[in-house]
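Taking it in order: structure first as structure tokens, then the write-up.
Where a number appears in this text, it was derived from the coordinates with a stated rule and is not lab data. The structure displayed is predicted, hence computed values, not measured ones. Methodologically, a virtual Cβ is constructed for each residue, glycine included, from the backbone with ideal geometry; neighbour enumeration extends over all protein chains shown.
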């Protein structure tokens, strides 16, 4: 890549749109997981879809590879640039362009932080239900590229269910104008679905039409202690039946997670004792405060009567609800409380009825590698998503062996090696454990069709 090409990009996009040399801040080559790579040759920061189109036309002509960046909160090395790649940063395309209450939609640019979208629609009495711990820094474009899940999937679904339309720029600079504000559209193939969850390898998402919903007037949270995973699944079934559409979250924490967060994370207070096997954080929302409160209280009474739960506490205010959620959201703080870095985070999903056996198998088989190794488990069990953090302080050199083992077990249980974080580069060697060779080759066929020169996020998900 010549200096002449960089100058051509700068001329096409205008002053201040291209950073080089000492102007490139470290945030463009570090990610949330603390990974670091060499500084990229240049960082391109467009303000419009037209500028992205012009930039990709140049890169397509010269076969210059590009990696697209959002909030850099990913955990699979999907947005860190490889050698000889230019960075396409979406940070300047960060506007909420429209909030249409009558249609129940918001039109946003891809670089808009998730929290900014949430706060903007809240001004209209609405909510955008996608929610995750990195809400303040992750961008909607990144959420779309990984089909993010988060805390409310049990009620509203993954990101895929919240997208009505996308504007996308293909590898050759062609702009696909797909911003539509209606749900029903059976006019041929639904092209937006190709780009949701494809981690930027098929096109660059520039703008999106999002579904928004009237904000519920009441939110109640309960934290419950349970004696076994069998009781957890029974309680989940009871909650689905008795709360119906009011059920917005069902988060499960194994004892090790709850106990360690309460003991190790400053400012976290556990309202229940730390000696119970399982803890469930359940949230119900609705427009009738009395009904929401009464229904959740009745659920707890029924569960107590049938010995499903051992103890429970119900939120009495927004602050008490936030305090309960903080326990579940303190994953990063818990990680940082350990003095060593020999730990691996896994983001998997599998059938709910196989979850307990899966965790037990991992716990026993890692002991054969390192008797001192242990796992901390929590997750969105209501939708089959587990987060497993494996600690192996005394065998830091055996990371790859542990990764192979956990992903192999995940494959044995017919689970997915990525529930919501994507594949990127770090999980690429293990994709075959969740996808057949025929499925992977079909993905390559799509890549060849839409990006024949392999310039968009090359090497992510799979190699060509």
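Data overview
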quantity: C-alpha long axis of helix 355-367 to longest principal axis of the chain, angle in °; calculated: 80 degrees
quantity: Simple label model, 7 Å out from Cα along Cβ direction - residue 84 to residue 100, nm; calculated: 4.4 nm
quantity: Mean shadow area of the range 339-419 over all directions, Cα convex hull, nm²; calculated: 4.9 nm²
quantity: Rg(Cα) / (2.2 N^0.38 Å) computed for the range 1-148, rounded to two decimals; calculated: 1.11
quantity: 0 to 90° range, to nearest 10: angle between helix 49-62 axis and the chain longest Cα axis; calculated: 60 degrees
quantity: Model label zone, residue 333; criterion: amide N under 19 Å from point 7 Å along Cα-to-beta-carbon; scope the range 244-259; calculated: 251-259
quantity: Förster radius 25 Å - calculated FRET efficiency between residue 437 and residue 230, Cβ distance, rounded to 0.05; calculated: 0.10
quantity: Principal-axis tilt of helix 3-13 within the chain, Cα atoms, nearest 10 degrees; calculated: 70 degrees
quantity: Mean Cβ neighbour count within 10 Å, used as a protection proxy, ranking 334-347, 414-427, 282-295 highest first; calculated: 414-427, 282-295, 334-347
quantity: Helical mean residue ellipticity (222 nm; -39500 (n - 2.57) per DSSP H run of 4+; nearest 500) of the chain; calculated: -9500 deg cm²/dmol
quantity: Label-point separation in nm, residue 297 to residue 275, each point 7 Å along Cα→Cβ; calculated: 3.0 nm
quantity: Calculated FRET efficiency for the pair residue 2/residue 193, C-beta based, R₀ 41 Å, to 0.05; calculated: 0.60
quantity: Estimated FRET transfer efficiency (residue 408, residue 256; beta-carbon r; R0 35 Å; 0.05); calculated: 0.95
quantity: Whole-Å distance, taken between Cα centres, linking the range 38-69 and the range 100-114; calculated: 25 Å
quantity: Gained length - residue 218 relative to residue 320, 0.36 nm times residue gap less alpha-carbon distance; calculated: 35.4 nm
quantity: Bins of 20 Å from zero: percent of alpha-carbon pairs in the chain; calculated: 23, 55, 21, 1
